[in-house]
1. For segment 187-198, just list the computed ³J(HN,Hα) in residue order, Karplus coefficients 6.51, -1.76 and 1.60, θ = phi - 60°, integers in Hz, with x standing in for Gly and Pro.
2. Going by amide H atoms built from the backbone, whose H comes under 5 Å of the H on residue 154, apart from near neighbours?
3. Show the residues, 5+ positions off or on another chain, whose built amide H is closer than 5 Å to the amide H of residue 193.
4. Once phi is turned into ³J(HN,Hα) by the Karplus curve 6.51 cos²θ - 1.76 cosθ + 1.60 with θ = phi - 60°, what whole-Hz value does each residue of segment 236-241 show in order, with x for glycine and proline?
5. Under the Karplus relation 6.51 cos²θ - 1.76 cosθ + 1.60, θ = phi - 60°, what is the ordered set of whole-Hz ³J(HN,Hα) values for segment 14-26, x standing for Gly and Pro?
6. Report, by chain and number, residues whose modeled amide H sits under 5 Å from the one on residue 172, excluding near sequence neighbours (fewer than 5 apart, same chain).
Amino acid sequence: MRKQKIKEILWGIGLVAAAVYIIMNQLNLLSFHLGLGTIVWTVIFGITLINSIAGRSMFGMVFSVAFLLIVYAKPLHITKIVPWTLLLAACLVYVGLCLIFSKKWHLGTSLFVNHRRISRDRDWEDGEFETADEDNFSFAGKKEDERDIVINQRLSEVSRYVHSQNLESVTINSTFGETAVFLDDAKAAGDTVIINLNASMGEVTIYLPLSWQIEDRLEAVFGEVEINGTSTGGGPRVILQGTSKFGGVTINYV
């Protein structure tokens, strides 16, 4: 069974369970009572936690637990540490677990160019962008024939200028930092450029030529996408896809 279908089933079960509880609660058939808001947030963060465990998403697991603790702060007698102290602790726990368990944790930024064309359908799956083995990448960051570019940033601030005259895709993995990507000097290989974004707890700013036309398919979780300026048209279509968690994404036309 596909993971997406499993997620849909979990959400369905959670919503049905919430509806059943609300009805039984109104009929006084239960010995305990929860507010409507508590029920809704429990369903949302509970299912997010299950999905994160299934998808091995450390970020999702840590912050789902943190928000569940915030929801049940009064019964647990932890109101003194919510929300900011608890969220700060969750951030520290997340970073610590990444340092302990991540096999490829880099303090800094690396720019990789993939010289082998990859399937767009396999780039994004369950909150993670998959890339090829390191042997398929090169550090030649200023070549004009670059097609598929991957930028990895963690715990830092970085700006990258893309000069490719044959661009097909840009993948940005950004965690706890600020990333600026300048595409105003780039040219598309065809009619479409794919921007894959996987951002957590940070800010990502992308600069586009005026003629490029943005198509926003990004999933923003506790964040937003801001587009400054208006396309003049006539250029390639830019598909922005992926996810941004607890951060902001800004598109600037220049």
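1. After applying 6.51 cos²θ - 1.76 cosθ + 1.60, I find 10, 7, 6, x, 8, 9, 10, 9, 10, 8, 10, 10 Hz.
2. Answer set, sorted by chain and number: 108, 175.
3. Long-range HN contacts for residue 193: 237, 238, 239.
4. Going residue by residue, I get x, 8, 10, 9, 9, 9 Hz, with x marking Gly and Pro.
5. Those phi angles translate into x, 5, 5, 4, 5, 5, 4, 5, 4, 5, 5, 5, 5 Hz.
6. So residue 172 has HN proximity to 151, 196, 197, 198.
Only the coordinates and a few stated rules stand behind these numbers; no lab work does. Being a predicted model, the structure only gives us computed values, none of them experimental.
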